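Notes for the one structure printed next.
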Amino acid sequence: MLPHHGLTTSESTRNLSLSRKLDIARTFYRTVVGAVLPSSAAPSPHIAEIGGALMPDHSPHANLKHQVSEVFSCSEYHKCLGLQAGPYQLFSLFISAVPNHSMRAISQRTLQALLREKQHNVMR
C-alpha cells in the first residue's frame, strides 16, 4: 500500500468517508474562491480587514483580463470542478474515472437544473 493524501492505492472516492469528501471539497473551495473565482459569499475566506477596509489576504494566481467561469483540479483519486454562472457557483466532487468533458457537462446541467428550480419556486 502506498499512501497518497491519506489514501491507499486500493481506495477510491467511492470508498471515502463523508468527512474526507467534505475535506476535499472544502480544500478545493478555499483554494479557488478568491484566488481564481470571485467570492459569492460574505465574508470570503480570503478577505481580511486591514485598516478598516476589506482587502484580499493574498495575491491572485494570475492577473486575467476576463473573469474565470470554470476551474478544475484532478488527482489520482478524485476530480473537483467549480462553475460560476452569474452570482451562482457550484462545486462538484467526482471519482477520478469520470472524463473531464462528462464532469463539466454533469456540473453544468446540475447548476442549470438548480437555477430552474430556484426560478420556479420564486414564481409560485
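Of note:
- Pair Glu70, Gln108: separation of 7 Å Cα→Cβ label points (nm): 0.6
- Sorted fewest first by neighbouring Cβ atoms within 10 angstrom, Leu90, Leu18, Leu81 come out as Leu18, Leu90, Leu81.
- For Tyr29, Tyr77, Tyr88, the sequence from fewest to most other C-beta atoms within 10 Å is Tyr88, Tyr29, Tyr77.
- Taking the fewest neighbouring Cβ atoms within 10 Å as the starting point, the ordered list for Ser92, Ser73 is Ser73, Ser92.
Bear in mind these aren't lab numbers, they're just calculated from the coordinates by the rules spelled out. Given the structure is predicted, the values throughout are model-derived calculations rather than measurements. Positions of Cβ are backbone-derived with ideal geometry, glycine not excepted, and every protein chain shown enters the neighbour counts.
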